[in-house]
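The numbers here are math on the coordinates, done by the rules we state, and not lab data. Everything numeric here is computed off the predicted structure, so don't read it as measured data. Don't worry about glycine lacking a Cβ; one is built from the backbone with ideal geometry, like all the others, and counts go over all protein chains shown.
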Amino acid sequence: MDAFYSKEDLNSFDKRFKANFINTISGYKSGSLIGTIGSDGLTNLAVFSSVVHVGSYPALLGFVMRPLTVPRHTYSNIKKSKTFTINQIHTNITGKAHFTSAKFDDNESEFKALKLTEEFIDGFSAPFVKESHIKIGLHFQEEHELKNGCLFIVGSIEFAYVKPSAVKKDGSINLQAIDTVAISGLNKYYTGDFYEEYPYAKKEDIETYLSKKPKDRSDNVVFNEETNQYDASLKKYSTDLGAPMIEYEDVNHWKNIGKTKVNKNLEARYKAIKKNYQETLELYELNQKIYNSKFNFEPIVGVCYHLYKKENGEFFLSSIAPDEWNKDYQGSFELNVERIFEKVDFPKQKGGFKINLPH
């Protein structure tokens, strides 16, 4: 049975215990690095777990700033420059992102202290995190003071750079594909595994959905495979999580169900392994072709290159895009940190596709 906590209970908690409890009770939150620049040209970078979608038309994002009881460089920089950036945190930079919350002197930049690369794009004044796979440039729009002294800052999205392979056909971004992390509390970071995708919710589709056999069910949800119905109330035993151990009267029936589930589970695993093997084999063959091609320069991680084929059948790699000359174009590829060339769509701009959003 779930524990009950009254307001009096919460107020009686130890200060640190209460802070951790309330800070994690709302669940996983997005983790973002907000980049700003001061009037003196000094860059600032800070981790936030409160960035939220405010609207799409116009494109707005917001985040919560703690009370101004101490100097807040992010806030003062935004108010002066009217610009800021929001940058994705992924597994390769999680630790560095976390330590941007440490107390730095006024003349120190978190970028330099934590060896994260400042990147200035398209003349935008605020700095981006080069290592991030999602980079968003925003102009300050408005602020709202909350009763507890916190401020809710809203920015309008001017443009965004997103790693091409993460953008799905419907426009949504596959956050798992670029190792995006989430935050709980002040110092706990999680990677999110994709669970399920549902269609746009319409009332007339609810009955159809409820009539479907669920893919996954918790142990305390009883579903009859033969009648295609939930029938916990018809069982001779309790189906509560706290119920006593169940003793099966029909062991053979239990075994048959177990075999069916095991076979389905292992078949799914086999298909996943087979698909992964095929993709790995194709990636290996592709990299063999690229590494055996002609080029007299050292490819840079994160940069897009293009493969061409000569009339004599030889392949060569170039940074010149296919729309800049008339060559037998074979595809575009990006080198990752593991020295593996991954296929990307063309056209591709510096840092990923540039997405200009309406206001």
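Taking label points 7 Å from Cα along the Cα-to-Cβ direction, Val70 and Glu279 give a separation of 4.3 nm. With R₀ fixed at 41 Å, the C-beta to C-beta distance from Asn265 to Lys82 puts the FRET efficiency at about 0.15. Evaluating 6.51 cos²θ - 1.76 cosθ + 1.60 at θ = phi - 60° for every residue in the stretch 61-71, the Karplus couplings come out as 10, x, 8, 9, 9, 5, x, 7, 7, 10, x Hz, glycine and proline recorded as x. A simple packing score, the average count of other Cβ atoms within 10 Å per residue, orders the peptides 268-275, 75-82 as 75-82, 268-275, with the highest score first. Only lysine pairs 8 or more places apart or on separate chains count here, and in the stretch 293-351 those with Cα atoms under 15 Å apart total 5. Quick check: from the Cα gyration tensor, does the stretch 14-191 come out rounded (a/c under 1.5), prolate or oblate? Rounded is the answer for the stretch 14-191, as its axis ratio a/c remains below 1.5.
Only aspartates and glutamates eight or more places from Lys261 in sequence, or on another chain, were considered; those with a Cα closer than 19 Å are Asp216, Asp219, Glu225, Glu226, Asp250.
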